[in-house]
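A short write-up of the structure that comes next.
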Amino acid sequence: MLCCDEDIKELQQKLDRLKHKRHTVETYLRLRDSQRAPIRKLPAEILAEIFHLFCNEEGLAFTGTKKLPQPLILSAVCLGWRTVAFANPRLWSKVDVDLFFVAKPSYTEVIRASVTRSRRLPLYLNIHGRPQGCAWEDLLCYLVELAPRWEHLSYNLNADRGTLRRVFSSLNALPCLKSLDVRVPAFLPCPFFSALRQAWFRNHSDTMSKQLTPHTTSLTTLRLANVLVDEIFRLLVMDCCKSLTSLSLLKLFGDYGESEFEEMGLISLPHLDDLEISGSCEHDLISTLPHLYEYLDLPSLPSLTLSTSIYCMAGVSEQTLVEHVANFINYTQCTSLQTLSLSSVHDLVSILRLVPDLKSFRYHSEAKWGQYFPGFVSSMTLSFGEANPILPSLQELEVVFTCSIFPLFDFEAFSDMIRSRWKPENADGLLERVEITVPIENCEELMCSKGYCAMVAMQDEGLDFEVVWKD
């Protein structure tokens with residue numbers, strides 16, 4: 001019996017040795033196969049480009065999720081990938097920081113180490129969140145120290161204004177900044193703007209910031225939301241804004257009298273290609289907008305998005321609304337518009353006659369104004385021999401309905417209008433693209449209508465037609 005036990009023990013030890021040997025061989029074979037994998041043969045430059053494409057959308061995203069930022073994931077795969085990732089500064093130059101989630105000393109050190117790997121490349125920075133406590137201040141101070149490298153800044157921070165004022169007081173020159181996107185808490189002055197103006201100029205002898213020395217390159221893209229009108233205009237009069245190509249002023253608020261505009265003087269933006277304006281429904285803002293239009297000079301503006309629903313919510317009459325839009329087009333000298341987006345307007349025809357060269361038109365119809373749309377369709381239908389057609393060069397038409405469109409909307413008449421413009425007999429331009437957005441509850445009614453069948457038939461003949469269903 002003891003002899004049998006000894007034999008079993010000896011065989012078990014031999015079996016264990018064989019298993020260990022097999023495991024060693026298997027590990028060696030896996031390592032050898034991984035060394036022979038095709039991706040191992042890629043040059044470091046191509047691998048770096050693949051990494052850049054993979055990380056380009058998110059970059060260094062410290063937003064509170066459990067998922068690590070993509071560059072850190074890549075650098076944790078193996079030593080080779082870590083070497084390539086650390087040697088590629090582009091992976092670390094796009095930073096997205098939510099101060100609510102990452103306001104901890106440990107996160108600050110990780111972010112510092114990560115951003116350091118971007119070396120001297122310009123930074124694409126997104127700062128947002130509602131931070132709490134006091135640890136976030138050190139992190140924000142570090143990001144402000146990098147201001148000379150900011151190429152794009154997106155700022156949406158709701159924090160203690162005293163702390164923000166103290167942090168941004170150290171904001172220095174902004175030689176690389178080309179794109180600025182700022183969203184601040186509504187109805188509150190923004191400490192960031194005062195610091196921004198100080199950073200853009202070396203001396204402060206002129207309180208209106210008109211004769212100061214620029215300390216930055218020219219902005220090309222500016223997007224502001226929930227910002228006071230006077231803060232916007234104090235920014236636009238600066239030389240750094242003269243080369244703007246895209247300007248979005250969203251949810252404006254505040255009262256700014258004509259005397260203040262006169263003191264500022266005319267704001268000329270000769271290179272502006274795209275302008276979007278919307279605002280709150282305050283009566284003070286409604287009285288301010290005409291002055292805003294009068295002191296803007298936009299001689300070559302080809303694209304305009306104007307949210308006129310703010311007038312309707314403030315109880316402004318339809319006649320006044322049309323006058324305001326017409327004044328905007330006349331005052332700003334942008335009669336050569338090629339792309340126009342409007343919302344909630346009754347008398348569309350009067351406005352569209354002011355922009356005869358329009359090639360693309362987008363109309364956002366609110367529930368209150370749906371009853372007036374059939375009149376617009378009738379006026380837009382071209383007839384043979386018509387002397388003064390509306391928008392004779394129109395190429396793209398987009399209509400958005402945010403309410404139930406039946407029975408107010410006659411889709412058959414709409415399709416007749418499209419047919420008259422798609423193959424017109426007396427127009428220089430041909431309609432090429434049509435897009436309509438309708439509520440999903442009208443899907444069956446619309447698809448069973450004769451007008452929809454006619455539109456599908458035109459689509460088969462070459463018209464670019466699309467229906468977007470909205471929940």
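What are the residues in the stretch 210-266 that are at pLDDT below 70, in a loop (DSSP other than H, G, I, E, B) and closer than 21 Å to Ala147 by Cα, if any? If the condition is that a residue be at pLDDT below 70, in a loop (DSSP other than H, G, I, E, B) and closer than 21 Å to Ala147 by Cα, then Leu212, Thr213, His215, Thr217 are the ones that fit. Note on the stretch 48-62: residues that are among the aliphatic types (A, V, I, L, M), out of contact with any Asp or Glu (no Cβ under 8 Å at 6 or more places or on another chain) and within 16 Å of Phe86 (Cβ to Cβ) amount to 2.
Considering the stretch 1-39, and only residues there that are basic (Lys, Arg) and surrounded by 10 or more Cβ atoms within 10 Å (Cβ to Cβ), the residue that is nearest to the chain's Cα centre (by Cα) turns out to be Arg30. Candidates are the residues of the stretch 186-200 that are at pLDDT below 75 and surrounded by fewer than 20 Cβ atoms within 10 Å (Cβ to Cβ); the one that is nearest to Asp239 (Cα to Cα) is Arg197. Within the span defined as the stretch 137-151, every residue fails to be surrounded by 13 or more Cβ atoms within 10 Å (Cβ to Cβ), touching a His at 6+ places or on another chain (Cβ under 6 Å) and in contact (Cβ under 8 Å) with a residue 24 or more places away in the chain.
The values are calculated or read from the model by the stated rules, or taken from the named source; none is laboratory data. Since the model is a prediction, treat every value here as computed from it, not as a measurement. Note that we place each Cβ from the backbone using ideal geometry, even for glycine, and neighbour counts take in every protein chain shown.
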